[in-house]
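A.B. asks: One structure, as structure tokens, below. Some questions next.
The values are calculated or read from the model by the stated rules, or taken from the named source; none is laboratory data. Computed from a predicted model, the values in this text were never measured in an experiment. Positions of Cβ are backbone-derived with ideal geometry, glycine not excepted, and every protein chain shown enters the neighbour counts.
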Amino acid sequence: MSAPGKPLRSMTGFARVRKTTPRGEFTVNMKSLNHRGLDLHIHLPAALEPCEARLREAVKRHVSRGYLQVTMGFTPIRTEDLPSLNTALLDAYVAAFQAAKQKHGLSGEPDLNFALRVPGMFAETAGEHDDELIAADAEESLTEALRILNAFREREGRDLAVVLRERIASLGAIAGELETIRANAMPAFQARMEERLAELLKGTAIEPQRLAQEAALLADRSDIGEEVARLKIHTSQLDALLAEGGEAGKKLDFLLQEMNREANTILSKTSGIGDTGLRVTELALAAKADIEKIREQSLNLE
């Protein structure tokens, strides 16, 4: 028994996360739309800008295609603890005050209120360690949102797969009928071509063998056998791609272009051969309609 394929994902989705950590509260809002590649737009507050590259790499591990807009917010937790005093700077300030007082014979005492307003008098509470923790929290919050987004996209992918398989089944039925028509019609078609050539060449000296060769050549040019065979193969490949899952969108697009060419060739070969030709034309046009509907839906797939 073969292993199950990867999830098939739509490129459209939405996710929202609010996460509280010891460093603060993080919010993540993201939405994705169709796009030929990965077009990523991240909007961050100033506190998270240093970790933008890290967050972009996290996105690329989870999303490979689509227009993705990510907006993150961060509110640091405010503690009631007093900030730590920079005692070394305060000691230096007092010592400098006393030295200047003694040197110039001045009076007065250091003003503590003024000293506490000196830049750097309170030690910074956030350091490199805190920055790393904040970055890790941000990545974790983003990853949680990406999991929600992909779950949304996978649900849509499953719904799309149902619609696509209906169209693929229709294409398979069309290819089967074309194959039957071709098998039944070719002998009669070749005979009519020989009769038509004989009428056109009446009174013209031409060897019977040469006449048969020309008729066979014309019949071969109107034979849709190869196109129908490739149409059947491509239909099976479409089904296999859906079963395989994963990043199927671009592969489907290429395959559908090939199938559309086969349908166009069938149309070009079957004009002017009576009722059989009309039925083949109807089927080829129906195949083109199914191919186009599959293409429209496949544009939504990652």
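A.B. asks: So for the range 42-52 (the condition being over 28 Å from the mean Cα position of the chain (by Cα), of a type in the set (D, E, K, R) and in the same structural domain as Asn150 (by TED's automatic domain parsing)), does at least one residue qualify?
C.D. replies: Initial filter on the range 42-52 (over 28 Å from the mean Cα position of the chain (by Cα)): 46-47.
Still in the list and also of a type in the set (D, E, K, R): none.
No, the range 42-52 contains no residue that is over 28 Å from the mean Cα position of the chain (by Cα), of a type in the set (D, E, K, R) and in the same structural domain as Asn150 (by TED's automatic domain parsing).
A.B. asks: How many residues does the range 20-36 contain that are under 18 Å from Ala58 (Cβ atoms) and at pLDDT below 95?
C.D. replies: Matching residues across the range 20-36 total 2.
A.B. asks: Could you tell me whether any residue of the range 135-142 is modelled with pLDDT of 85 or more, over 30 Å from Ala248 (Cα atoms) and of a type outside the set (Gly, Ala, Ser)?
C.D. replies: For the range 135-142, residues modelled with pLDDT of 85 or more, over 30 Å from Ala248 (Cα atoms) and of a type outside the set (Gly, Ala, Ser): present.
A.B. asks: While we're looking at this one, here's another question. Could you please tell me which pairs satisfy a Cβ distance under 7 Å, a separation of 6+ or placement on different chains, a first residue in the range 108-121 that is free of Cβ contacts under 8 Å to residues at least 12 places away in the same chain and under 15 Å from Gln98 (Cβ atoms), and a second residue that is of a type in the set (D, E, K, R) and in a helix (DSSP H, G or I)?
C.D. replies: Filtered contacts from the range 108-121: Gly108/Lys101.
A.B. asks: Now for a separate question. Among the residues of the range 1-51 satisfying the criterion of being in a helix (DSSP H, G or I) and in contact with a strand residue (DSSP E or B) (Cβ under 6 Å, 6 or more places away or on another chain), which is surrounded by the fewest Cβ atoms within 10 Å (Cβ to Cβ)?
C.D. replies: Ranking the qualifying residues of the range 1-51, first place goes to Ala47.
A.B. asks: Another question, if that's okay. Which residue is nearest to Lys251 (Cα to Cα), if the candidates are limited to the range 50-82 and must be modelled with pLDDT under 85 and not β-branched (Val, Ile, Thr)?
C.D. replies: Taking the candidates together, the pick is Arg78.
A.B. asks: Search the range 160-169 for residues being in contact (Cβ under 8 Å) with a residue 24 or more places away in the chain and surrounded by fewer than 17 Cβ atoms within 10 Å (Cβ to Cβ), and hand back the single one that is nearest to Leu238 (Cα to Cα).
C.D. replies: Among those residues, the one meeting the criterion is Arg165.
A.B. asks: Of these, Leu90, Leu85, which one is over 19 Å from Val28 (Cβ atoms) and modelled with pLDDT under 85?
C.D. replies: Details: Leu90 fails: modelled with pLDDT under 85.
Of Leu90, Leu85, the one residue that is over 19 Å from Val28 (Cβ atoms) and modelled with pLDDT under 85 is Leu85.
A.B. asks: Also, I was wondering about something else. What's the number of the only condition in (1) over 22 Å from Thr27 (Cβ atoms); (2) at pLDDT 90 or above; (3) assigned by TED's automatic domain parsing to the domain that holds Val17 that Ala95 fails to meet?
C.D. replies: (3)
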